[in-house]
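The values are calculated or read from the model by the stated rules, or taken from the named source; none is laboratory data. Please read these numbers as outputs of a predicted model, since none were measured by experiment. Using ideal geometry, Cβ is built from the backbone for each residue, glycine included, and neighbour counts are taken over all protein chains shown.
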Amino acid sequence: MVTLVVILVYILILMVNATALRAINVQRLQFIDGVILGLTYYITIPMFFILLSGRIGSNFLQIEDYLPYEDISTTFVIFSASLLVCGLKIYLPALMLRRRSALMSIPPVGGPAAAQIPASPRRNGNRRGFRWSYVHWLLGMNLVIYYASTIFVFYRAGVADGEHWYQATSTLLSESPIYVIIKYFSNFTRTSVFGILGILTLRDPKRRYQLAAIGLFVCVSDLLMTFNRVTVVYFGILLLIGSWNKIYNILFGFFVLLFGGVYIGSLWPEFRGQVSNYGYSLSGFADAFAKAVEVNSRSLPFVDAMNGLFESFTFSVLNWEVKHYSYISVDFGAYFTRPLGVIIPRSIWPDRPESFALLLGRNFSKSELALNSYIIGEPFANSWVFWPSLVVIAIMANELVYRKLGQRDPVWGFIGAMIGFAWWRFDTSFLAVSLLISLIVYGAMQALVGSGTRATRERARAPGPDRRLPVYAPGGRATTARGRGRGRQINAR
């Protein structure tokens, strides 16, 4: 009976999730859209295989398996979060757009015409609109910040010298808050770049291959310098945006990702760990890859092998947290104060809350292991009763800000969507810092590039009468638009 109920509720979630996906306007992506995409990728799809096998575990963490038909409390929390997020997406437009609420009444920079994403980069003949130059400058700024911060951490932490990628980076971040800030800028820009490339792909489909090449280059660079595979998923979202209305392309890409990505993803954790043993070089990469293939030669059940693609062992981590939440000492208000601890030094705030991922890892393994628990685990640890309200507050706050920025330039809605997707892999500290960096970058862009409002307003104005053509008046006489009011008249005969 329990099995049947769980399956029926999951089918309901599938339908609601599909409805939320259909409600996404790919031309005007927002923060909530990224959250829906993250829900689909990290929860809905893996849960299908978990329900088929009846379990999910981890091949590198000593943690009990998550059994969806037996661990009903965890299943209830996951299903509740899925319905909550999808419900927000489905009903959010009615809440925010009815009768042109105060949120939507703020006019975008440049007037109403500037709020629409052009289907082509060329507007008003052969002249490029201000939006294009703004977005290209924004892309350049993000790429410069990303490579400057990432290369700095790469060499300063010693990863380039063969140090273990995770241990070296953790040691560096513990030395100074400055390094933490630099790392946050790196995390933000590697995420926002793909949002900017996404809107450029929609605006200029003829250049989608060049834009995809830029995204692929960033993806490979990040893999080689940070060994973090989340950029591969970002790149997949970029391709998805370009193929949103091509269902066959999406299905083909999904099956390639599902089967090819599962195999490569299962090798990656072992590969990046072996690089520190064999050295950071081409020969070291080859030896590390051969070792990873040897270690993973034993066949794993698909539900375990997909860990490398979907990070689905997080289900087991969340299950452990739901069962042992009383052992995790977290104050109710820490969900809101924790993000402030990232920007306020410990010398000023000695008792600032630490990262929830580290807190969860310390409670689980008594070590400095950072564990993710989706966007569900942190609010649940703060309050197992009111955690849905905390999720709603976090989503609505970010949706409001990114929607306002998106009104001023639609590219910020795409950036917000990428941040919303990445939130599933991080905690509220990443969410709050990304929001702060977005405001900083937005202000810097306004200062460096300028708002462009004068030129945009001129383009947005309704075209006036042609100055060279006569405007006929009653009585057979006509005046030119240039000379009207000056007394210059033209005889219509």
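For the stretch 152-166, give me each residue that is aliphatic (A, V, I, L, M) and crowded, with 16+ Cβ neighbours inside 10 Å.
Residues satisfying the conditions are 153, 157, 159.
Each row is one residue, and each column tells you yes or no for (1) under 18 Å from the mean Cα position of the chain (by Cα); (2) part of a helix (DSSP H, G or I); (3) of a type in the set (A, V, I, L, M); (4) not assigned by TED's automatic domain parsing to the domain that holds residue 234.
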site: 379; (1), (2), (3), (4): no, yes, no, no
site: 389; (1), (2), (3), (4): no, yes, no, no
site: 414; (1), (2), (3), (4): yes, yes, no, no
site: 436; (1), (2), (3), (4): yes, yes, yes, no
site: 442; (1), (2), (3), (4): yes, yes, no, no
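Residues 12, 37, 51: which one is in a helix (DSSP H, G or I), aliphatic (A, V, I, L, M) and surrounded by fewer than 18 Cβ atoms within 10 Å (Cβ to Cβ)? Break it down into steps so the answer makes sense when it comes.
Details: 37 fails: surrounded by fewer than 18 Cβ atoms within 10 Å (Cβ to Cβ); 51 fails: surrounded by fewer than 18 Cβ atoms within 10 Å (Cβ to Cβ).
Every option except 12 fails the conditions.
Could you tell me which of the residues 262, 293, 275 is aliphatic (A, V, I, L, M), closer than 24 Å to residue 38 by Cβ and in the same structural domain as residue 148 (by TED's automatic domain parsing)? Break it down into steps so the answer makes sense when it comes.
Numbers: 293 fails: closer than 24 Å to residue 38 by Cβ; 275 fails: closer than 24 Å to residue 38 by Cβ.
Result of the check over 262, 293, 275: 262.
Would you confirm, using the coordinates I've provided, whether residue 43 is surrounded by fewer than 18 Cβ atoms within 10 Å (Cβ to Cβ) and either free of Cβ contacts under 8 Å to residues at least 24 places away in the same chain or under 20 Å from residue 377 (Cα atoms) (or both)? Write out each step before concluding.
Working: surrounded by fewer than 18 Cβ atoms within 10 Å (Cβ to Cβ): no; either free of Cβ contacts under 8 Å to residues at least 24 places away in the same chain or under 20 Å from residue 377 (Cα atoms) (or both): yes.
For residue 43, the condition - surrounded by fewer than 18 Cβ atoms within 10 Å (Cβ to Cβ) and either free of Cβ contacts under 8 Å to residues at least 24 places away in the same chain or under 20 Å from residue 377 (Cα atoms) (or both) - is not met.
Collect the residues in the stretch 334-393 that are aromatic (Phe, Trp, Tyr) and either crowded, with 16+ Cβ neighbours inside 10 Å or in contact with a Leu (Cβ under 9 Å, 6 or more places away or on another chain) (or both), keeping them in residue-number order.
Of the residues in the stretch 334-393, the ones aromatic (Phe, Trp, Tyr) are 335-336, 349, 356, 364, 374, 380, 384, 386-387.
Correct list: 335, 336, 349, 356, 364, 374, 380, 387.
Please work out if residue 250 is among the β-branched types (Val, Ile, Thr), under 23 Å from residue 187 (Cα atoms) and in a helix (DSSP H, G or I). Break it down into steps so the answer makes sense when it comes.
Values: among the β-branched types (Val, Ile, Thr): yes; under 23 Å from residue 187 (Cα atoms): no; in a helix (DSSP H, G or I): yes.
When the stated conditions are applied, residue 250 does not pass them.
What is the one condition in (1) crowded, with 22+ Cβ neighbours inside 10 Å; (2) over 30 Å from the mean Cα position of the chain (by Cα) that residue 309 does not satisfy?
Every listed condition holds for residue 309 apart from (2).
I need the full set of residues from the stretch 245-287 which are more than 20 Å from residue 59 (Cβ to Cβ), hydrophobic (A, V, I, L, M, F, W, C) and surrounded by fewer than 17 Cβ atoms within 10 Å (Cβ to Cβ), in order please.
Step one: filter the stretch 245-287 for residues more than 20 Å from residue 59 (Cβ to Cβ), giving 245-257, 278-287.
Subsequent filtering for residues that are hydrophobic (A, V, I, L, M, F, W, C) retains 247, 250-252, 254-257, 282, 285-286.
If the condition is that a residue be more than 20 Å from residue 59 (Cβ to Cβ), hydrophobic (A, V, I, L, M, F, W, C) and surrounded by fewer than 17 Cβ atoms within 10 Å (Cβ to Cβ), then 247, 250, 251, 252, 254, 255, 256, 282, 285, 286 are the ones that fit.
Taking into account only those residues within the stretch 204-248 that are touching a residue at least 24 places away in the same chain (Cβ under 8 Å) and of a type in the set (D, E, K, R), which is nearest to residue 160 (Cα to Cα)?
222
Could you check how many residues of the stretch 323-333 are among the hydrophobic types (A, V, I, L, M, F, W, C) and either over 21 Å from residue 397 (Cα atoms) or crowded, with 22+ Cβ neighbours inside 10 Å (or both)?
2
Evaluate the following for residue 318: is it crowded, with 22+ Cβ neighbours inside 10 Å and modelled with pLDDT of 85 or more? Please lay out each step first, then the result.
Details: crowded, with 22+ Cβ neighbours inside 10 Å: yes; modelled with pLDDT of 85 or more: yes.
So residue 318 fits the description; yes.
Counting only residues that are without any contact (Cβ under 8 Å) to a residue 60 or more places away in the chain, outside any helix (DSSP H, G or I) and among the charged types (D, E, K, R), how many does the stretch 281-327 have?
Count: 1.
If I go through the stretch 440-451 residue by residue, how many of them are in contact (Cβ under 8 Å) with a residue 12 or more places away in the chain and closer than 25 Å to residue 396 by Cβ? Before the answer, list the steps.
Pass one, the stretch 440-451, residues in contact (Cβ under 8 Å) with a residue 12 or more places away in the chain: 441-442, 444-445, 448-449, 451.
Pick out the ones that are also closer than 25 Å to residue 396 by Cβ and you get 441-442.
So the answer is 2.
Residue 366: out of contact with any Ser or Thr (no Cβ under 8 Å at 6 or more places or on another chain), in the same structural domain as residue 192 (by TED's automatic domain parsing) and on the phi > 0 side of the Ramachandran plot, yes or no?
Numbers: out of contact with any Ser or Thr (no Cβ under 8 Å at 6 or more places or on another chain): yes; in the same structural domain as residue 192 (by TED's automatic domain parsing): yes; on the phi > 0 side of the Ramachandran plot: yes.
Yes.
Here are some residues: 295, 220, 275. Which one is more than 18 Å from residue 159 (Cα to Cα) and either at pLDDT 75 or above or within 22 Å of the chain's Cα centre (by Cα) (or both)? I'd like the intermediate steps shown before the answer.
Details: 220 fails: more than 18 Å from residue 159 (Cα to Cα); 275 fails: more than 18 Å from residue 159 (Cα to Cα).
Residue meeting the stated conditions: 295.
In the stretch 346-369, what residues are touching a residue at least 60 places away in the same chain (Cβ under 8 Å) and within 18 Å of residue 425 (Cβ to Cβ)?
Answer for the stretch 346-369, where residues must be touching a residue at least 60 places away in the same chain (Cβ under 8 Å) and within 18 Å of residue 425 (Cβ to Cβ): 355, 356, 357, 364.
Could you check the stretch 213-238 and list, in sequence order, the residues that are part of a loop (DSSP other than H, G, I, E, B) and either of a type in the set (Asp, Glu) or closer than 19 Å to residue 145 by Cβ (or both)?
Pass one, the stretch 213-238, residues part of a loop (DSSP other than H, G, I, E, B): 227-229.
Result: 228, single match.
For the subset of the stretch 36-73 comprising residues that are under 24 Å from residue 417 (Cα atoms) and of a type outside the set (Val, Ile, Thr), which member is farthest from the chain's Cα centre (by Cα)? Reasoning before the result, please.
Here is the first cut: in the stretch 36-73, the ones under 24 Å from residue 417 (Cα atoms) are 36-47.
Add one more test, that the residue is of a type outside the set (Val, Ile, Thr), and what stays is 37-39, 41-42, 46-47.
Working: 37: 9, 38: 8, 39: 12, 41: 12, 42: 13, 46: 19, 47: 21 Å.
In this case the residue turns out to be 47.
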